[in-house]
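Have a look at the structure below, then the notes.
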Amino acid sequence: MNTKNKELQTWVDEVATLTNPSEIYWCDGSNQEFQNITAQMLESGDLLKLNQETFPNCYLHRSDQRDVARVEHLTFICTSDRDDAGPNNNWMEPDEAHRKLDELFRNCMSGKTMYIIPYCMGPIDSVYSRCGVEVTDSPYVVANMFLMTRMGTKALERIEAENQFVKGMHSIGDLNPDRRFIMHFPEELTIRSIGSGYGGNALLGKKCHALRIASWQALKENWLAEHMLIVEIENPQQEKFYIAAAFPSACGKTNLAMLIPPDTFKGWKVRTIGDDIAWLHMDEDGRFWAINPEAGYFGVVPGTNQETNKNAYETLQSNAIYTNVGITDTNEPWWEGKLEGKPIKDWKGDDYSSTDNHNCAHPNSRFTVSAKNNPGYSDLADSPSGVPICAIIFGGRRSELAPLVYEAKDWNHGVLVGASVGSETTAAASGDIGVVRRDPMAMKPFCGYNFADYWRHWFAFSKQSNNLPKIFHVNWFRKNDQGFLWPGFGENLRVLDWIIQRCQNKIDAKETPIGYVPMKEDINTSGLNISDENLNALLTIEPDQWLIEMNAIKEYFNEFGKRLPNQLLNEHAKVVDSLNK
Ligand code: OXD
Ligand code: MN
């Protein structure tokens, strides 16, 4: 017996019988264990040492070339009733899914070690945290889970005390995309993933547990599990504000969470609570408190440098695992957007020269680091009660239409704003890039149940509280022929400043059919080189264009048929009426 928890022991025994490993190893989460795993991966070639003088304890992992992103077409929600998964998910009948997976998992670990990773999503002592156990045959997964979660003995103790955990079974299988599945069984609190070692498919605590399974649990238990960063902003008066923001993958969540204030914002401080996932619970006064269930970052590397994101850049100077970046002549990691170094090998390990016309790092190359590496880490990321949220922001990557920022008229209108998010696709998932698709609340790939029920769940909070956060929509990605209209990165604090002042009821705004838009003079542009023309374009609403957009949104909502909450259609109709006037 390796655990006092009978259910866990029985399940581990069953998995071992099916997968037939030559060894079973229970992870304790110690530094020594991490070092042992790293040493073993260096020996097997799974990890390569980077320049240890300039990048201490940094390693490079080159993945299988067909395994570089999330695979949404192979990701399934297996509920007994197909409608519970909804048109937003791929669905398979649970028994059929288990049969298929049993065949794929049979003997898949023979000759290998099976690692048992007990983990806790959220601070160990928070009532909001939830535990899980991931069984895997991948040492890379163990090393990444060590950086990304609170794992090992403490988590196991909590599981033994609580007697509840999510069961996650993972094997890299043969990495053949034809035998790759990421399956979720929310009714059984079970995840089964095979055929991929990529973070989003293989680190089961992250997308699979903390979003897909947790969103299902949140529906049943009246909370929210969201694809949101959480950022702490302190103004010169030392008042602190906590904002949660949902953007689709690779649209700048990590950058916003680690923002560096522009020079003209003297006395402002920005600290990170989380960069990808927020769990929100309502207190007795109707305020939402958020915890970050994760303990590390799995961030997109390309574009990161001292100027775009100094904190992220510093965060990945030590104790980082890089996946699919290139290397320089001095054995340092290299990626597009890095300001120094001479790249000589690309992410595949092939010779590379800067005159080559392909990328050196994969566009979805990643870094994994502990959150504590971040110079802007907020201690409150470990607070069991979380932080009180004053504003929720939705956003997408839209080169046209969506203004820089607008505020929803109230919570229910904000649910429409979130449900209507559209964004151009990125390299974080396999498939076409740059195509606008609906990504409600940035949860399209991550909501573990029918979006129609999800939106109803969101609406229900308006009846429970008069103290809800204000809801906003931002777009950093508007373009004209010359490029981006807004400089983004640290300058985004100018928009957060406006949002905070709106939360404090300090300033007015212009009412438009789609929501409240800033008066031009209320966006602090001091020290910013932006033309009046661009600022006007960023803050102007084009009713004709918006009517086309609202039509497209309605068509999308219609896919959800009778299950769609009427409230969503009412909110939609209100905006359309107002645009028609
Ligand atoms: C991520 C993603 O890795 O959203 O966070 O794909
Ligand atoms: Mn994400």
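Bear in mind that the values in this text are calculations on the coordinates, not laboratory data. What you see is a predicted model, and the numbers here were worked out from it, not measured in a lab. Glycine gets a Cβ as well: all are built from the backbone with ideal geometry, and neighbour counts include every protein chain shown.
The HN-Hα couplings worked out from phi for the range 255-268 by the Karplus form 6.51 cos²θ - 1.76 cosθ + 1.60 (θ = phi - 60°) are 4, 5, 5, 10, 3, 9, x, x, 3, 6, 8, 5, x, 8 Hz, whole numbers, x standing for Gly and Pro. Grab the beta carbon distance between Ser22 and Gln65, set R0 = 30 Å, and tell me the FRET efficiency rounded to 0.05. Computed FRET efficiency for Ser22 and Gln65 comes out at 0.60.
What the Cβ-Cβ distance of Asp174 and Thr113 gives, at R0 = 25 Å and to the nearest 0.05, is a FRET efficiency of 0.90.
Note on Asn357 and Glu559: with the Förster distance fixed at 45 Å, the Cβ-Cβ geometry gives a FRET efficiency of about 0.65.
Over the chain, what is the relative contact order in whole percent, taking alpha-carbon pairs under 8 Å and six or more residues apart?
Values: 1288 pairs, mean separation 84.1, N = 581.
In percent, rounded to a whole number, it is 14.
Electrostatic tally near Thr38: other residues with Cβ closer than 13 Å to its Cβ, Lys and Arg +1, Asp and Glu -1, net -2.
Sorting the segments 257-263, 227-233 by their residues' average number of neighbouring beta-carbon atoms within 10 angstrom, most packed first, yields 227-233, 257-263. Near Glu424: Cβ cut-off under 15 Å, other residues only, Lys/Arg at +1 and Asp/Glu at -1. The net charge is +3. Helix 566-580 and the longest principal axis of the Cα set of the chain meet at an angle near 40°. Remark: Arg158, Arg192, Arg563 ranked as Arg563, Arg158, Arg192, counting other beta-carbon atoms within 10 Å and listing the fewest first.
About its Cα centre, the dipole of the range 51-209 is roughly 460 debye, where the only charges are +1 on Lys and Arg Cβ and -1 on Asp and Glu Cβ. Pair-distance distribution P(r) for the range 259-337, from all Cα-Cα distances in 10 Å bins starting at 0: 14, 35, 29, 17, 4, 1 percent.
Report the local net charge at Asn450: Lys and Arg +1, Asp and Glu -1, summed over other residues whose C-beta lies under 15 Å from its C-beta. Residues near Asn450 contribute +2 overall. Annotation: the chain has a Kirkwood hydrodynamic radius of 24.4 angstrom, from the mean reciprocal C-alpha pair distance. Show which aspartates and glutamates lie in cross-link reach of Lys220 when reach means a straight Cα distance below 12 angstrom and same-chain residues fewer than eight apart are skipped. Counting by Cα, and skipping residues close in sequence, Lys220 has these aspartates and glutamates nearby: Glu187, Asp453.
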